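One structure is given below, encoded as structure tokens.
The values are calculated or read from the model by the stated rules, or taken from the named source; none is laboratory data. The shown structure was predicted, so the numbers you read here are calculated from the model rather than taken from an experiment. With ideal geometry, Cβ positions are generated from the backbone for all residues, glycine too; neighbour counts draw on all protein chains shown. In case anyone asks, the SASA skips ligands and DNA or RNA and just uses the protein heavy atoms, side chains included. Shrake-Rupley method; radii C 1.70, N 1.55, O 1.52, S 1.80 Å.
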Amino acid sequence: ISKIVVHPGNEDVVYVAAPGPLWSDSPHRGLFKTTDGGKTWKKILYTDTKTGCADVMIDPRNPEVVYASTWQFRRTAWSFSSGGPGSALYKSTDGGATWNKIQNGFDSEELGRICIALAPGKPDNLYAIAEAKKTALYLSTDAGASWTKASTNDNVSARPFYFSVIMVDPTDPQRVYRPAFVLSYSDEGGKSFSQASNTGGWVHSDHHALWINPQNPNQLFLGTDGGLYMSLDRGVTFNFLNMLPLAQ
């Protein structure tokens, strides 16, 4: 499972993005939804036995608007294949009952993993990192109707199948964070990036999780292969929370 999203107005409504088994074809993949707090589930977005769901998010203004990305992949004992015709970006305006593909403006016809985010302060602004032959960060200012390429920064394009997080500051729609080999940030809506996590002391490489305090966006929690870090100044400096026995 790659993402769990709870309806902001009804905690019994939950979406689960499931890439599914690594090693084999399986119908146990796709986007699942419960309306009774997890007692029963319905698969609401499904492509085929090779393609799972990589990401999901809800528009905070209208929770019936749901975005999701599908991802075709396969691991074997000797290789890993990421991408194929099953990978795509979708939008629903009826809580997942129906879906439309929304990747107008993406360069590549064949995509890999796509991670997505919206700006909580300006939800029509969407961001997507689309893995392809030329992986890039794309920006939409019209709720996904059209997309333009914003950046091909090295950290943005770094192994999207492995580093699958992008986030936007809750109060500043131009402030974008990209955890990957290091933590990068942009104050220009993704047009350029700087490295945050190597300026204020050493932070372990390979970053997979980021939480921004919605009440205080200066506070960040960063999950890395080496453990958990906290910043109180938007990533200028970090403290290693070594009281928690966590890693990777």
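Please indicate, with yes or no, whether at least one residue in segment 222-236 is part of a loop (DSSP other than H, G, I, E, B) and within 23 Å of residue 125 (Cβ to Cβ). Yes. Can you find a residue that is touching a Cys at 6+ places or on another chain (Cβ under 8 Å) and part of a loop (DSSP other than H, G, I, E, B) anywhere in segment 2-14? Yes, there is a match, as at least one residue in segment 2-14 is touching a Cys at 6+ places or on another chain (Cβ under 8 Å) and part of a loop (DSSP other than H, G, I, E, B).
Among the residues of segment 214-236, the one identified as aromatic (Phe, Trp, Tyr) and either in contact (Cβ under 8 Å) with a residue 40 or more places away in the chain or touching a His at 6+ places or on another chain (Cβ under 9 Å) (or both) is 229. Just one of the listed residues (95, 84) is in contact with a Pro (Cβ under 9 Å, 6 or more places away or on another chain), in contact (Cβ under 8 Å) with a residue 12 or more places away in the chain, on the phi > 0 side of the Ramachandran plot and open to solvent by less than 30 Å² (accessible area, probe 1.4 Å), and it is 95.
From the list 231, 164, 151, the one residue that fits, being surrounded by 20 or more Cβ atoms within 10 Å (Cβ to Cβ) and out of contact with any Gly (no Cβ under 9 Å at 6 or more places or on another chain), is 164. For the criterion of being in contact (Cβ under 8 Å) with a residue 12 or more places away in the chain and crowded, with 18+ Cβ neighbours inside 10 Å, residue 59 passes. Checked against (1) of a type in the set (A, V, I, L, M, F, W, C); (2) on the phi > 0 side of the Ramachandran plot; (3) in contact with a Gly (Cβ under 8 Å, 6 or more places away or on another chain), residue 143 meets all criteria but (3).
Within segment 40-56, the set of residues being exposed (fewer than 15 other Cβ atoms within 10 Å of the Cβ) and part of a strand (DSSP E or B) comprises 42 only.
All of 9, 20, 37 fail the test of being open to solvent by 60 Å² or more (accessible area, probe 1.4 Å) and more than 15 Å from residue 115 (Cα to Cα), apart from 9. Only one of the listed residues (202, 211) is assigned to a loop (DSSP other than H, G, I, E, B), in contact with a Phe, Trp or Tyr (Cβ under 9 Å, 6 or more places away or on another chain) and free of Cβ contacts under 8 Å to residues at least 24 places away in the same chain. That residue is 202.
Is it the case that residue 29 is among the charged types (D, E, K, R), under 25 Å from residue 159 (Cα atoms), surrounded by 15 or more Cβ atoms within 10 Å (Cβ to Cβ) and in contact with a Lys or Arg (Cβ under 7 Å, 6 or more places away or on another chain)? So residue 29 does not fit the description; no. Summed over segment 195-225, residues that are surrounded by 15 or more Cβ atoms within 10 Å (Cβ to Cβ) and of a type in the set (Gly, Ala, Ser) total 3.
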